[in-house]
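This report refers to the structure that appears directly beneath it.
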Amino acid sequence: MSAVSASSAASGSAPVDPVRALQHTLYRAAKADPGRRFHSLWDKVLRRDVLWRAWVTVFRNDGAPGIDKTTLAEVKDYGVTRLLDEVAAELKAGRYRPLPARRVFIPKPGTGEKRPLSIPAVRDRIVQAALKIVLEPIFEADFLPCNFGFRPKQSPHDALQVVVDEAARGRRWVVETDIAECFSEIPHNELMQAIEERVCDRSVLKLLRTILRAGVMEDGHVRKPVTGAAQGGVISPLLCNVYLHRIDRVWSIREHGVLVRFADDVVVMCRSREQAEAALQRLRVLLAQLGLRPKEAKTRIVCLETGGAGVDFLGFHHRMVRSRPRAGRKPVTFLARWPADKVMQHARDRVRDLTSSRRLLLPVEAIVRDVNTFLHGWVGYLKYGHSAERFSRIRNYVRMRIALFISRKHRRSRHFGTWVLVNSTPPDVGLIGLYGIVVSPRAGKPWREKPNAGGERRR
């Protein structure tokens, strides 16, 4: 037991996490002096506990191997300590060179498009994670409340709550847009200038440039573009936030409305059409200054009104609705949200794939287990909305697909599969229920449960 742990145990307090303590120190120093540039960070990146925490982060996130085909399991067999020693030695000697990331294309939910994803090698993911551990608290001290993407203690639901709150305050003209090819279009030189506003450690800056220039391998060829923070890299979301912070810090709520940004997804809540048009023009100008542009197919101005159009943001469709009249209560108008059409299509596609004929050799229990795993994550995110009706649709679709799978497996009619579902033990062969779990958002009410002074949970 270390001296710190021993003293903590003797005093009865929780043991001190040295990596978290380092991050708190960096955050406090950056917050206390917004103009400070940090010049002594290299030794912190090389710390053994930082590298070990980086490995733990990479291992927990799982992920496929890079172009060297080294898996996480193979790293454990090789010896994590041994690998970290080698990485640290290469970094200290200036011999570290990251491999090009492996480029793959994954389908975008609910569309026929594909998103490029870059997968670095495991050792390169560890180095990026160590850099992120050291740099993130410095830039977190500068980030503004309008930025919700890929930040500690921030969630998409925090951004969604702002949309609900601002609509209730009368900001019902919405600018909806998406930054086109954001991760792949960020200019390296301008990105490094943004980083150098806070970091002047030459070794850290050199390592960042090396990572940015590592390139990607696609179809056997290595490309080394002069723009982009490879989407899929551990540190790429932080670099994206650092660069787009230049928009956040010059945005005027008084002139252009409330900006809500989750990485490259953006909405602006405005009080009038004139303000919304000015906000969109301001956004175009700021993006052009950064070498970026809005995706025109996803850019529009919408007025949120009962019976009117809605907007899609972070997987939900948002629309103004009027409540049903109840005895003794007047109907109220509020901003409702439910799973967007693309998200619904993604769920159907995923369930169809999990119950396809190519998996007929697997037992029904395995199929149900895989479907339940997907639904747990899907529902866990989308239950914070007015989603009951759409959950019911997915539930009916899942039951139909499972019944069809059972009938095909036993070479019987579809009625046989339905009969098995109805009469099975457990009910529906163990499919999870999707009823009675939605949490309706309310203006001015935090979406997540928070502990009160007595340590209990409250809503």
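The values are calculated or read from the model by the stated rules, or taken from the named source; none is laboratory data. Just so it is clear, the model here is predicted, and its values are computed rather than measured. No Cβ is skipped: glycine too gets one built from the backbone with ideal geometry, and neighbour counts run over all protein chains shown. The protein model used for the area step is the full one, side chains on, heavy atoms only, and it has no ligands, DNA or RNA in it. Shrake-Rupley method; radii C 1.70, N 1.55, O 1.52, S 1.80 Å.
Taking E305 as the residue in question, decide whether it is closer than 22 Å to R337 by Cβ, over 24 Å from the mean Cα position of the chain (by Cα), surrounded by fewer than 17 Cβ atoms within 10 Å (Cβ to Cβ) and in contact (Cβ under 8 Å) with a residue 24 or more places away in the chain. Quick ask: steps written out before the conclusion?
Values: closer than 22 Å to R337 by Cβ: yes; over 24 Å from the mean Cα position of the chain (by Cα): yes; surrounded by fewer than 17 Cβ atoms within 10 Å (Cβ to Cβ): yes; in contact (Cβ under 8 Å) with a residue 24 or more places away in the chain: yes.
For E305, the condition - closer than 22 Å to R337 by Cβ, over 24 Å from the mean Cα position of the chain (by Cα), surrounded by fewer than 17 Cβ atoms within 10 Å (Cβ to Cβ) and in contact (Cβ under 8 Å) with a residue 24 or more places away in the chain - is met.
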Could you say whether any residue in region 220-229 is within 20 Å of F313 (Cα to Cα) and buried (at least 20 other Cβ atoms within 10 Å of the Cβ)?
-> no
Of all residues in region 373-391, which are part of a helix (DSSP H, G or I) and surrounded by 15 or more Cβ atoms within 10 Å (Cβ to Cβ)?
-> F374, L375, W378, V379, Y381, L382, A388, R390, F391
Might you let me know whether region 392-414 holds any residue that is open to solvent by 60 Å² or more (accessible area, probe 1.4 Å) and under 30 Å from A167 (Cβ atoms)?
-> yes
Looking at T71, is it more than 16 Å from the chain's Cα centre (by Cα), over 27 Å from L287 (Cβ atoms) and of a type outside the set (A, V, I, L, M)?
-> yes
What are the residue pairs meeting all of these: first residue in region 250-263, first residue of a type outside the set (A, V, I, L, M, F, W, C), second residue surrounded by 19 or more Cβ atoms within 10 Å (Cβ to Cβ) and part of a strand (DSSP E or B), Cβ atoms under 7 Å, and 6 or more apart or on different chains?
-> H256/V268; G257/V268; G257/M269; G257/C270; R261/N147
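Answer yes or no: is there a residue in region 268-278 that is hydroxyl-bearing (S, T, Y) and open to solvent by 30 Å² or more (accessible area, probe 1.4 Å).
If we filter region 268-278 for residues that are hydroxyl-bearing (S, T, Y), which is where we start, we get 272.
Next, only the ones that are open to solvent by 30 Å² or more (accessible area, probe 1.4 Å) stay: 272.
Scanning region 268-278 turns up at least one residue that is hydroxyl-bearing (S, T, Y) and open to solvent by 30 Å² or more (accessible area, probe 1.4 Å).
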Look through region 230-257, keep the residues that are open to solvent by less than 30 Å² (accessible area, probe 1.4 Å) and β-branched (V, I, T), and return whichever of them is farthest from the chain's Cα centre (by Cα).
-> I247
Criterion: more than 15 Å from P237 (Cβ to Cβ), crowded, with 18+ Cβ neighbours inside 10 Å, within 20 Å of the chain's Cα centre (by Cα) and modelled with pLDDT of 95 or more - qualifying residue of V163, V174, V199 | V163
Could you check, for region 222-232, whether at least one of its residues is among the hydrophobic types (A, V, I, L, M, F, W, C) and either touching a Gly at 6+ places or on another chain (Cβ under 6 Å) or at pLDDT 95 or above (or both)?
-> yes
For D62, which of the numbered conditions (1) under 16 Å from A129 (Cβ atoms); (2) of a type outside the set (F, W, Y); (3) surrounded by fewer than 17 Cβ atoms within 10 Å (Cβ to Cβ); (4) modelled with pLDDT of 95 or more fails to hold?
-> (4)
Run L99 past the list (1) more than 22 Å from D62 (Cα to Cα); (2) open to solvent by 30 Å² or more (accessible area, probe 1.4 Å); (3) touching a residue at least 60 places away in the same chain (Cβ under 8 Å) and report the number of the one that doesn't hold.
-> (1)
